[in-house]
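Written below as structure tokens is the structure these notes are about.
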Amino acid sequence: MNPTKPGAASSLVTGGVFRFTRNPMYLSLLLYLLAWTSYLSSWLALLFVPVFVLYINELQIKPEERALSELFGAEYASYKARVRRWL
């Protein structure tokens with residue numbers, strides 16, 4: 001699935017890693033950012049973590065969730081009730 005075109009999704013995947021998080025790609029990017037911050041040993045770099053989370057939540061995840069709600073309706077609502085957005 002192309003994350004920039006959620007309306008093109010043809011099926012709702014709820015198995016595998018998607019049983020634990022609705023956004024494994026963004027979660028992995030967050031973990032990578034935290035690891036990079038640790039590697040740099042810089043508290044200043046840590047300031048980018050909340051900026052990343054806010055940006056991804058507002059400009060990527062929420063629009064994706066709206067599109068998936070329109071496409072999959074009750075099935076997606078049930079999935080959202082069972083699985084958290086991040087962890």
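List of remarks:
- Extension gain, TYR39-VAL53: 0.36 nm per intervening residue step, less the Cα-Cα distance, totals 3.1 nm.
- Point-to-point label distance, LEU87-GLN60, nm (Cα→Cβ direction, 7 Å offset): 1.7
- Shown here is the pair-distance distribution of the chain: with all Cα-Cα distances grouped in 5 Å bins from zero up to the longest one, the shares run 3, 13, 22, 23, 16, 10, 7, 4, 1 percent.
- Secondary-structure-derived ellipticity at 222 nm for the chain, considering helices only, amounts to -18500 deg cm²/dmol, per-run term -39500 (n - 2.57) for DSSP H runs with n ≥ 4.
Coordinate-derived values only; no laboratory data. Please read these numbers as outputs of a predicted model, since none were measured by experiment. Ideal geometry is used to build each Cβ from the backbone, glycine not excepted, and the neighbour counts take in all protein chains shown.
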